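Novice: First, the structure itself, so that you have it in front of you.
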Amino acid sequence: MARASSPRRMILTTLAAWGVALLIFFPVLWMILTSFKTEASAVANPPELLSASWTLENYAEVWARSDYPRFFWNSVVISIGSTLLGLAVAIPAAWAMAFVPGKRTKDLLMWMLSTKMMPAVAVMIPIYLLFQRLGLFDTKTGLILALMLMNLPIITWMLYTYFKEIPGEILEAARMDGAGLRSEILYVLTPMALPGIASTLLLNVILAWNEAFWTITLTTTKAAPLSAFIASFSAPQGLFYAKLSAASTMAIAPILILGWFSQKQLVRGLTFGAVK
Amino acid sequence: MTVSLRALMGATALLALSGAAMAETTITVATVNNGDMIRMQGLMDDFYAKNPDIKVEWVTLEENVLRQNVTTDIATGGGQYDVLTIGTYEVPIWGKQGWLVSLNDLPAEYDVDDLLPAIRGGLTVDGNLMASPFYGESSMVMYRTDLMEAAGLTMPDAPTWADIETAAKAMTNTETGVYGVCLRGKAGWGENMAFLTAMSNSFGARWFDEAWMPQFDQPEWKATLDFYLNLMNNYGPPGASNNGFNENLTLFQQGKCGMWIDATVAASFVTGKDSTVADKVGFALAPDNGLGKRGNWLWAWSLAIPASSQKQDAAKAFINWATNKDYLALVASKEGWANVPPGTRSSLYANEEYAKVPFAKMTLDSINSADPNAPTVKPVPYVGVQFVAIPEFQGLGTTVGEIFSAALAGQKTADEALAEAQTAVTDEMKASGYIQ
């Protein structure tokens, strides 16, 4: 039942929502503003806003110093590739866990999640050596595999949660109508869980895009994505905040734009099944 | 022409092309992001003209990330990098581990005897040159000539710490927001501890005695820390415990510091276009206390070859090109003498054109006054002026740096900080097996 709300309450709620949104977005906004300041303005204390000196020089310098398109393309291939591969593995896995659970399914899910709790640096040397021996070091294929495996528990968990909301009877009816396993997953389950799959895809593209430990550790030149691009803009004399902010803005801009245009889909997917 | 003849010619051309491609060696150079390194990347046409069979790929990373990546690679024998950019801290440690290739066999044109003795000494392990210096730096006093003049003072070329205190007192004016002295206070082995370790040398302090016993309970360290805290509390800017290189640079450029003691590389920034006091800056050697050692550090970014590299000949050709005298002349011809990587070769400072560059002589004198093998008054078992070249130092330096930074923030007294540092370093040295 809808609750009647007074205009005063509406205003307060709106203001609170804007306040929280601004608080969350403020670091990103400050980074974007800093990227247009001179280095001196960027580190001025007290911080400058209206009195700051504005410039586009940081972007020009960052662009001139680095091969941005190469880093960008590597990020696109690695994040989308690892997400698609992850979905291909996780959809059948989540189907099995949601519709034909075994005695140990819950334990298996918990074990999958527990692997995310392990600090990445703990397995750095074995994975580093494995990548070298298998010829996967500094290759996009290697990073796609690494990020897919890293995000697989999250993808599987998310899909499992969405699939659990779909009545098993519908799949049963499809089977009675003669659908095989492949048809059942592809033509019945997938369309019904599309909002959930879409939000899983978007979230994992964002996670893979922002991953900085493995993408920097397992690459040198050929497969290095935008995380390595950012890491190259800190000088031994210290952090040059304006240039670093310009590089960071260039690195997150594509994913920020993607998130902006797909926010409806993301929210719909994330709240899928929240209200019955 | 028959089809078969055309096919034969095509195949021959393809073979020739593939043969040329196969002859090309690609080396991967890992480097930090600084002006001199970026400039070198822009001058690669000269290298390719002289070495058409070698291609260079660059990996530019933040200093700590670079250190982590190359350490992982070199320790596992990965061979991903053929040339590493490393500092004077790593060279003695990695050289002793056998992780680096000796550069004793560089061609005669390299002229190893032309390297500045202090820099060469820091990069030599058991008589072998393990890395070739690309640029070297020390630290010195940068001061406001106008404020000194207004105070009726003259800064000596080689001041004492007492001179610094007198000048700081005279230049401090809290009403106009000018503070007498700006020094590093931000915690970190490469931040406040680089400054304080170098400063402590001039007070006769040392990190360890010859038996690796920590020395923070000795009077020399107390004198160092007391002087530093008094100087900063009385004449330093507010919030100095958060100030590192960049923050102090900004303060100085905005005219809020009377003096700043920091890296010689800062000289070009405080006299550059972003500085509001560019034409009012003087330079002097880092201060001393009359004990025969000055409070300046010594650092060189150098190029080295990991033992795991499969392309050591090509890597040596690159290092020879990037760090010999011809390269300095090349930079001078394209970008002017002021942009030549400083602090590595005697011949550069003998050059009349380079002598015209402001602060050139002060940089040379600063570098020459530091000795990484005998950094302080008493003997020490380690190499390094502003660091101790042992693997544990990064952790130790940061721990002690946090303690001293807290003392500067007023959270503990100098005595408490020194006692805490002594305990922390003793525990770590016991755990690492240096002492019982």
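Novice: Whole angstrom only: what separates the Cα centroid of segment B:324-376 from the Cα centroid of segment B:42-71?
Specialist: About 23 Å separates the Cα centre of segment B:324-376 from the one of segment B:42-71.
Novice: Something else about it: So, with +1 on the Cβ of K and R and -1 on the Cβ of D and E, and no other charges, what is the size of the charge dipole of chain A about its Cα centre, to the nearest 20 debye? Let's see the in-between values first.
Specialist: Values: 20 positive and 13 negative charges, 113 e Å.
Here the size comes out at about 540 debye.
Novice: Straight distance only, please: which lysines reach the Cα of B:Lys412 with their own Cα at less than 26 Å, same-chain residues fewer than 8 apart left out?
Specialist: B:Lys169, B:Lys186, B:Lys222, B:Lys430
Novice: While we're looking at this one, here's another question. I'd like the FRET efficiency for B:Ala162 and B:Lys325, computed as 1/(1 + (r/R0)^6) with the beta carbon distance as r and R0 of 51 Å, rounded to 0.05.
Specialist: Once the sixth-power term is evaluated, E becomes 0.80.
Novice: Hey, can you rank A:172-184, B:143-155 by average C-beta count inside 10 Å, highest first?
Specialist: B:143-155, A:172-184
Novice: In whole percent, what relative contact order does chain B give with Cα contacts below 8 Å and a gap of six or more residues?
Specialist: 25 percent
Novice: OK, next. Number of Lys-Lys pairs in chain A under 19 Å by Cα, sequence gap 8 or more or different chains?
Specialist: Summing the qualifying lysine pairs gives 6.
Novice: Given charges of +1 on the Cβ of Lys and Arg and -1 on the Cβ of Asp and Glu, with all other atoms neutral, how large is the dipole of segment B:329-414 about its Cα centre, in debye to the nearest 20?
Specialist: 80 debye
Novice: Next question, about the same structure. Using a 10 Å cut-off around each Cβ of peptide B:61-72, what is the average number of partner chain Cβ atoms that fall inside?
Specialist: Partner-chain Cβ atoms within 10 Å, mean over residues of B:61-72: 5.
Novice: Of the trypsin sites (Lys or Arg not before Pro) in segment A:17-119, which ones lie in a loop per DSSP and count no more than 11 other C-beta atoms within 10 Å?
Specialist: When the trypsin sites (Lys or Arg not before Pro) of segment A:17-119 are filtered for loop state and at most 11 Cβ neighbours within 10 Å, A:Lys103, A:Arg104 remain.
Novice: Still on this model: Rounded if a/c is under 1.5, else prolate if a/b beats b/c, else oblate: with a ≥ b ≥ c from the C-alpha gyration tensor eigenvalues square-rooted, which is segment A:67-232?
Specialist: prolate
Novice: Between A:Met31 and B:Glu352, take the C-beta separation as r, use R0 = 41 Å, and let me know the FRET efficiency to the nearest 0.05.
Specialist: Rounded to the nearest 0.05, the efficiency is 0.30.
Novice: Here's a follow-up. Looking only at chain B, where both bridge partners belong to it, what percent of the DSSP beta bridges are antiparallel (to the nearest 5)?
Specialist: Close to 65 percent.
Novice: Taking 60 Å as R0, compute the FRET efficiency from the Cβ-Cβ separation of A:Ser51 and A:Ala88 and round it to 0.05.
Specialist: 0.65
Novice: For the pair A:Ala120/A:Glu165, report the inter-label distance in nm, with labels modelled 7 Å from Cα in the Cβ direction.
Specialist: 3.0 nm
Novice: Just counting partner chain Cβ atoms within 10 Å, what average do the residues of peptide B:252-264 show around their Cβ?
Specialist: Mean partner shielding for this stretch: 1.
Novice: To continue, here is another question. At a Cα cut-off below 12 Å, give the aspartates and glutamates reachable from B:Lys280, other chains included and same-chain residues fewer than 8 away excluded.
Specialist: B:Asp146, B:Glu149
Novice: I need the GluC sites (Glu not before Pro) found in segment B:208-296, filtered to DSSP loop residues with at most 16 other beta carbons within 10 Å of theirs.
Specialist: Hits after loop and neighbour filter: B:Glu210.
Novice: Under 18 Å from a point 7 Å along the Cα-to-Cβ line of A:Phe261: which residues of segment A:41-72 have their amide N that close?
Specialist: The answer is A:72, whose backbone nitrogens lie closer than 18 Å to the label point.
Novice: If I model a spin label as a point 7 Å beyond the Cα along the Cα-Cβ vector, how far apart are those points for B:Ala338 and B:Ala150 in nm?
Specialist: Here the modelled spin labels are 2.5 nm apart.
Novice: Contact order normalised by length for segment B:112-194, with contacts defined as Cα pairs under 8 Å and 6 or more residues apart; what percent is it?
Specialist: Averaging sequence separation for qualifying contacts and normalising by length gives 13 percent for segment B:112-194.
Novice: Post the alpha-carbon centroid distance, segment A:1-64 to segment B:119-175, in whole angstrom.
Specialist: 40 Å
Novice: What are the residues whose amide H is under 5 Å from the amide H of B:Leu298, where those residues sit 5 or more places off or on another chain and H is modelled from the backbone?
Specialist: For B:Leu298, whose amide H was placed from the backbone, the distant partners under 5 Å are B:Val385, B:Gln386.
Novice: What residues have an amide H closer than 5 Å to that of B:Val281, excluding those fewer than 5 places away on the same chain, when H is modeled at 1.01 Å from N in the peptide plane?
Specialist: B:Thr145
Novice: At 37 °C and a viscosity of 0.692 mPa s, what translational diffusion coefficient does Stokes-Einstein give for chain B, taking Rh as the Kirkwood radius over Cα pairs? Give it in µm²/s as a whole number.
Specialist: Rounded, D is 141 µm²/s.
Novice: According to the square roots a ≥ b ≥ c of the eigenvalues of the Cα gyration tensor, what is the shape class of segment A:57-112, taking rounded for a/c under 1.5, prolate for a/b larger than b/c otherwise, and oblate for the remainder?
Specialist: It is prolate, given that a/c is not under 1.5 and a/b is the larger ratio.
Novice: Averaged across the residues of B:343-353, what count of C-beta atoms belonging to other chains lies within 10 Å of each residue's C-beta?
Specialist: That works out to 0 on average.
Novice: Principal axis lengths of the protein assembly as shown from Cα atoms, whole Å, largest first?
Specialist: Here the spans come out as 97, 92, 57 Å, largest first.
Novice: Oh, and also: Contact order normalised by length for segment A:67-232, with contacts defined as Cα pairs under 8 Å and 6 or more residues apart; what percent is it?
Specialist: With pairs under 8 Å counted, the relative contact order is 44 percent.
Novice: Also, quick follow-up: State the three equivalent ellipsoid semi-axes of segment A:81-152, derived from the C-alpha gyration tensor as the square roots of 5 times its eigenvalues, in descending order and whole Å.
Specialist: 27, 16, 9
Novice: I would also like to ask the following. Would you work out if segment B:185-323 is rounded, prolate or oblate? Take a ≥ b ≥ c from the square roots of the eigenvalues of the alpha-carbon gyration tensor; rounded if a/c is under 1.5, else prolate when a/b is larger than b/c, oblate otherwise. Show your work: numbers first, answer last.
Specialist: Working: a/c = 2.31, a/b = 1.22, b/c = 1.89.
The shape class here is oblate.
Novice: Give the aspartates and glutamates whose C-alpha is closer than 19 Å to that of B:Lys293, dropping any in the same chain fewer than 8 places away, or say none.
Specialist: Cα-Cα hits under 19 Å: B:Glu137, B:Asp157, B:Asp163, B:Glu165, B:Asp209, B:Glu210, B:Glu220, B:Asp226, B:Asp262, B:Asp365, B:Asp371.
Novice: Based solely on its DSSP helices, what 222 nm [θ] is calculated for chain B when runs of n ≥ 4 H residues each add -39,500 (n - 2.57) and the sum is averaged over all residues, nearest 500 deg cm²/dmol?
Specialist: Helix-only estimate at 222 nm: -13500 deg cm²/dmol.
Novice: Using 7 Å Cα-to-Cβ label points, what is the B:Glu210/B:Thr176 separation (nm, one decimal)?
Specialist: About 5.3 nm, to one decimal.
Novice: Where the only charges are on Cβ atoms (+1 Lys, Arg; -1 Asp, Glu), what is the dipole of segment A:1-150 about its Cα centre, to the nearest 20 debye?
Specialist: 880 debye
Novice: Projected onto the charge dipole of the protein assembly as shown (+1 at Lys/Arg Cβ, -1 at Asp/Glu Cβ, origin at the Cα centre), which of B:Asn248, A:Pro254, B:Gly272 gives the Cα projection farthest towards the positive end?
Specialist: A:Pro254
Novice: So if each residue of separation counts as 0.36 nm, and I subtract the Cα-Cα distance between B:Lys222 and B:Thr26, what length gain in nm does that give?
Specialist: 65.2 nm
Every number here is computed from the coordinates shown, using simple stated rules; none is lab data. Remember, predicted model here, so these are calculated numbers, not experimental data. Glycine gets a Cβ as well: all are built from the backbone with ideal geometry, and neighbour counts include every protein chain shown.
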